[in-house]
Amino acid sequence: MLKRTHKLNEINDSLIGEVVIINGWVDRMRDLGGIVFSWIRDRYGLVQVVFEPQKPVYKSVENLSNEYVVAVKGVVRERPEAAKNPKLKSGNVEILAEELEILAEAKTPPIYTNREEGNEEARLKYRYLDLRHSTLQRNLIFRHRVAHFIREYMNSKDFIEIETPYLTKSTPEGARDFLVPSRLKKGSFYALPQSPQIFKQLLMISGFDRYYQIVRCFRDEDLRADRQPEFTQIDLEMSFADQSDVLEIVSGLVKGLYEELVGVNVGEIPVMSYSEAMEKYGSDKPDLRFEIELQDITHETFADEMKFLAPLENEALKSIKIPNGGSFSRKVLDSYVDSAKSEELRLGWVKKINGDFSGSLARIFRSAGVNLELKDGELMIACAGKRSAVNKFLGGVRLDAAKRLNLVDRESVRILWVVDFPMFEWNEEEKRYQAQHHPFTMPYVEDIDNHLNDLSKIRSHSYDLVINGWEMGSGSVRIHTRKLQEKVFDLIGISESEAKTRFGFFLEAFEYGTPPHAGFAMGFDRLIAVMLGLSSLRDVIAFPKTTSGTDLMAGAPSKVSEAQLKELGIKLEVDE
Ligand code: ASP
């Protein structure tokens, strides 16, 4: 085989006159009736190779086709001025072929390999071909560079990478487990970890002090574009540390990543409480790339005039003003009214166009004494009902309006920490409280005593990192005494015996000297996507699954043989 002397990003003006050997794929060919141009591609770049009819090698070009794997030996020469392509590293030069070796032939590919087009299913089925596309190559190479940067940063801060088991026991992150049947212990199952949470805490008890891992996690959830059943986390844990230590380490990492790999200085990362985020933006992951904020007008004097909106006791009345929202059609506004109704909320709106008010609140605005300004072109939406529902609803309107009006500056990067989440949330289906983050999170101990009759008011020492409206990661200070841990289990209705069965080994470990510790985990796939400005995680994962959890290429999940099932002691009851 003609072994390459140069990768394709190395072919440039400095090699003019030299003989080189390149290896790669035929990206495309152009026959100009006499002279044949062939573009050769490798991971590093693209180069134009010229086959001239007077050279003996010309004969073999007849057999050449797209996606063939080749070795070409030839002389680098300058392209004619008009044919130079400044967009390519090799754009000033071309290779005049002298020898061609076909290393592998290729059938006509079923999808484009050099154009981002084509049926999504076919692209996933032939993922290995889709991955030849330069955009996906760029994404995965970028992913590799991010992982490399993370490891260097974490290592420099004394963190050590330790692997934790994949075949394990259920880890409580609130999703369904993927189970793996045991052959040796028939009827027993491993669970794939939803995160290494318990193991990393145990590593603190073991004295490793600072741990991290770029690790796969598995959660059997209904999927969306921003979810995959197996995904990667940057997971970390620190001993003798509190919230401020974790925020400092992670902020430093994120700032460094953006500076080094995106070329953006993200500045100081602000910290906002959960309640402020909900009150101002109606979201615990506010997108700060546009300005609109929610206003609390519960106590405005004119509120009484908005008869149908007037807040009842324990209710809130809030509004948002949308610049240029005056352009929203009646249909859009009616859809807001309808969906508010379905959430048991009351909604009114007013537009000001050329000085004139319209909408269900117009009368109030026309009357004297209203002290809310409305600029021309603006739309105000006011919503009354249960405070948390009002916030959530208007938060949704805020995002919808930004989308409709194109208010998001795609170039900007807005990062923030949201802290002090509620410790517990109500699970309507199961009619009980559950841990909002996970049950190992440290509650505000003073809140426990004050709010035992309303657990939703108990705050926790927990924090989320939010980038451009995406929840990028979560973490918390951990409980480190058995007593408090048992108390939390008790509050969420995990009985002593259930706690013992599920986490007995963990609770026991607490009794052998547990340092105070805190940690965090960040979605690695999400981080790559947001850094590249992409919305689908599939574009940053080499072999992703569809939204129905299928690997279209390998055909997984799939049926298994009777013999395999028998070995596992499993009898299927599903219809064939
Ligand atoms: N285990 C948590 C998660 O996966 C992160 C953490 O608390 O460190 O969200």
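The values are calculated or read from the model by the stated rules, or taken from the named source; none is laboratory data. Treat the numbers as computed from the prediction; the structure is a model and nothing was measured. For neighbour counting, all protein chains shown are included, and Cβ atoms are generated from backbone atoms with ideal geometry for every residue, glycine included.
Here is how the numbers come out for the structure above:
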quantity	calculated
Top-ranked residue in the range 153-181 [being among the polar types (S, T, N, Q) and surrounded by fewer than 14 Cβ atoms within 10 Å (Cβ to Cβ); ranked as nearest to Gly549 (Cα to Cα)]	Asn155
Restricting the range 449-503 to residues that are among the basic types (Lys, Arg) and within 22 Å of Ser170 (Cβ to Cβ), the residue that is modelled with the highest pLDDT	Arg478
Among the residues listed as Tyr258, Tyr274, the single one being in contact with a strand residue (DSSP E or B) (Cβ under 9 Å, 6 or more places away or on another chain) and more than 16 Å from the ligand (Cβ to nearest atom)	Tyr258
Elements of type helices (runs of 4 or more DSSP H) in the range 83-172, at least 1 residues being closer than 30 Å to Ile214 by Cα and in contact with a Ser or Thr (Cβ under 6 Å, 6 or more places away or on another chain)	127-130
Selected residue (criterion: farthest from the ligand (Cβ to nearest atom)) from residues of the range 507-538 that are part of a loop (DSSP other than H, G, I, E, B) and of a type outside the set (A, V, I, L, M)	Gly533
Some residue of the range 452-459 being surrounded by fewer than 22 Cβ atoms within 10 Å (Cβ to Cβ), away from the ligand (no atom under 14 Å from the Cβ) and under 24 Å from the mean Cα position of the chain (by Cα)	no
Candidates Ile448, Ile381, Ile494, filtered to the one that is hydrophobic (A, V, I, L, M, F, W, C), more than 16 Å from the ligand (Cβ to nearest atom) and in a loop (DSSP other than H, G, I, E, B)	Ile494
Residue among Leu288, Leu192, Leu203 that is over 30 Å from Gly396 (Cα atoms) and in contact (Cβ under 8 Å) with a residue 40 or more places away in the chain	Leu203
The range 460-491: number of residues that are on the phi < 0 side of the Ramachandran plot and away from the ligand (no atom under 16 Å from the Cβ)	9
Pair list, Cβ under 6 Å, 6 or more apart: the range 454-476 residue under 17 Å from Ser388 (Cβ atoms), other residue part of a helix (DSSP H, G or I) and away from the ligand (no atom under 11 Å from the Cβ)	Ile458/Asp447; Ile458/Ile448; Arg459/Asp447
Subset of the range 421-439 (residues that are more than 15 Å from the ligand (Cβ to nearest atom) and either charged (D, E, K, R) or closer than 14 Å to Ile467 by Cα (or both))	Glu428, Glu429, Glu430, Lys431, Arg432
Members of the range 424-442 that are assigned to a loop (DSSP other than H, G, I, E, B) and touching a residue at least 24 places away in the same chain (Cβ under 8 Å)	Gln436, His437, His438, Pro439, Phe440, Met442
Pick from the range 190-220, criterion within 13 Å of the ligand (Cβ to nearest atom) and assigned to a loop (DSSP other than H, G, I, E, B), ranking: surrounded by the most Cβ atoms within 10 Å (Cβ to Cβ)	Pro196
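Listed here are the residues, each with its yes/no results for (1) touching a Leu at 6+ places or on another chain (Cβ under 8 Å); (2) at pLDDT 95 or above; (3) not in a loop (DSSP other than H, G, I, E, B).
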| site | (1), (2), (3) |
| --- | --- |
| Thr5 | no, yes, no |
| Gly33 | no, no, no |
| Ile40 | yes, yes, yes |
| Leu46 | yes, yes, yes |
| Val50 | yes, yes, yes |
